[in-house]
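A quick write-up on the structure given underneath.
The values are calculated or read from the model by the stated rules, or taken from the named source; none is laboratory data. Quick caveat, the model's predicted, so the values are computed rather than measured. Reconstructed Cβ throughout: ideal geometry from the backbone, glycine too, with neighbour counts over all protein chains shown.
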């Protein structure tokens, strides 16, 4: 089990997708929804599932919400509840607040009241968001199919100065480096001798499980 703790408020289609993805990646997840049926449905997947009103400050305080590293507010249609919940979380001192926005205007309001990251689900899938949240090195995550994905991964300190042969990403993790981005330039056929520099970005394709192992190995 990974150390970082997440809470997801609002277990609709988007919220449950984020909660499920984070759980599958081995993180502790608290799912909160005012609808008891929704919390029951996800209770077997996440660490804890609680039915509570997120616009009630006392209820959130009682759940120890301030002890979570990241809180995702994925409330559906109720924009007022989304804004109020975000305000309460900010007030309680949650370190990182990620909020789903219905539209651009809602997003602007959320940013003004202190949301650290605003997500538009039309553009961001739940799984993609989960990867952004858990690995600071992952800049983008694209699902190609049920089994395969592409990640855009920032070169970590452990990779700097090494060449592709020394890293042996294919041999170790079964993933292929398709390209290396160096600023605005893109090297689409990296050779084994290509050395990595600090600001480089790797474009890697592989099976989801293998990509996850690669992420975990370099997220420490």
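With respect to the numbered conditions (1) under 14 Å from residue 9 (Cβ atoms); (2) within 21 Å of the chain's Cα centre (by Cα), which one is the sole condition not fulfilled by residue 34?
In the conditions (1) under 14 Å from residue 9 (Cβ atoms); (2) within 21 Å of the chain's Cα centre (by Cα), residue 34 misses (2) alone.
Can you find a residue in the stretch 164-176 that is part of a strand (DSSP E or B) and over 30 Å from residue 80 (Cα atoms)? Show your work before the answer.
Filtering the stretch 164-176 for residues part of a strand (DSSP E or B) gives 176.
Checking the rest, the ones that are also over 30 Å from residue 80 (Cα atoms) come to 176.
Yes, because at least one residue in the stretch 164-176 is part of a strand (DSSP E or B) and over 30 Å from residue 80 (Cα atoms).
Please state which of the following conditions residue 17 fails to meet, knowing it meets all the rest: (1) in a helix (DSSP H, G or I); (2) in contact with a helix residue (DSSP H, G or I) (Cβ under 7 Å, 6 or more places away or on another chain); (3) within 16 Å of residue 4 (Cα to Cα); (4) touching a residue at least 60 places away in the same chain (Cβ under 8 Å).
The one condition residue 17 does not meet is (3).
When the stretch 137-163 is examined, which residues are found to be out of contact with any strand residue (DSSP E or B) (no Cβ under 8 Å at 6 or more places or on another chain), exposed (fewer than 15 other Cβ atoms within 10 Å of the Cβ) and within 26 Å of residue 195 (Cβ to Cβ)?
157, 158, 160
Considering 115, 81, 52, which residue is touching a residue at least 12 places away in the same chain (Cβ under 8 Å), over 30 Å from residue 155 (Cα atoms) and touching a strand residue (DSSP E or B) at 6+ places or on another chain (Cβ under 7 Å)? Before you say what the answer is, go through the steps one by one.
On the way: 115 fails: over 30 Å from residue 155 (Cα atoms); 81 fails: touching a strand residue (DSSP E or B) at 6+ places or on another chain (Cβ under 7 Å).
Checking each option against the conditions leaves just 52.
Scan 160, 151 and give me the residue that is under 16 Å from residue 219 (Cα atoms) and in a strand (DSSP E or B).
Numbers: 160 fails: in a strand (DSSP E or B).
Exactly one residue qualifies, and that residue is 151.
Is it the case that some residue within the stretch 84-97 is modelled with pLDDT of 95 or more, out of contact with any strand residue (DSSP E or B) (no Cβ under 6 Å at 6 or more places or on another chain), surrounded by 21 or more Cβ atoms within 10 Å (Cβ to Cβ) and not in a helix (DSSP H, G or I)?
Within the stretch 84-97, not a single residue is modelled with pLDDT of 95 or more, out of contact with any strand residue (DSSP E or B) (no Cβ under 6 Å at 6 or more places or on another chain), surrounded by 21 or more Cβ atoms within 10 Å (Cβ to Cβ) and not in a helix (DSSP H, G or I).
When you scan the stretch 187-220, how many residues do you find that are exposed (fewer than 12 other Cβ atoms within 10 Å of the Cβ) and touching a strand residue (DSSP E or B) at 6+ places or on another chain (Cβ under 7 Å)?
Number of matching residues: 3.
Within the stretch 118-138, does at least one residue satisfy the condition of being more than 23 Å from the chain's Cα centre (by Cα) and more than 29 Å from residue 77 (Cα to Cα)? Lay out the reasoning, then the answer.
Applying the first criterion (more than 23 Å from the chain's Cα centre (by Cα)) to the stretch 118-138 yields none.
Scanning the stretch 118-138 turns up no residue that is more than 23 Å from the chain's Cα centre (by Cα) and more than 29 Å from residue 77 (Cα to Cα).
Does the stretch 20-49 hold any residues that are in a helix (DSSP H, G or I), in contact with a strand residue (DSSP E or B) (Cβ under 7 Å, 6 or more places away or on another chain), free of Cβ contacts under 8 Å to residues at least 60 places away in the same chain and surrounded by 15 or more Cβ atoms within 10 Å (Cβ to Cβ), and which are they?
23, 39, 42
Here is a yes/no grid of residues against (1) in contact with a helix residue (DSSP H, G or I) (Cβ under 8 Å, 6 or more places away or on another chain); (2) in contact (Cβ under 8 Å) with a residue 24 or more places away in the chain:
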{"position": "58", "(1), (2)": "no, no"}
{"position": "92", "(1), (2)": "yes, yes"}
{"position": "107", "(1), (2)": "no, no"}
{"position": "130", "(1), (2)": "yes, yes"}
{"position": "140", "(1), (2)": "yes, no"}
{"position": "158", "(1), (2)": "yes, yes"}
{"position": "163", "(1), (2)": "no, yes"}
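Does residue 177 meet the test of being within 19 Å of the chain's Cα centre (by Cα) and crowded, with 17+ Cβ neighbours inside 10 Å?
Here the answer is no, as residue 177 does not meet what is asked.
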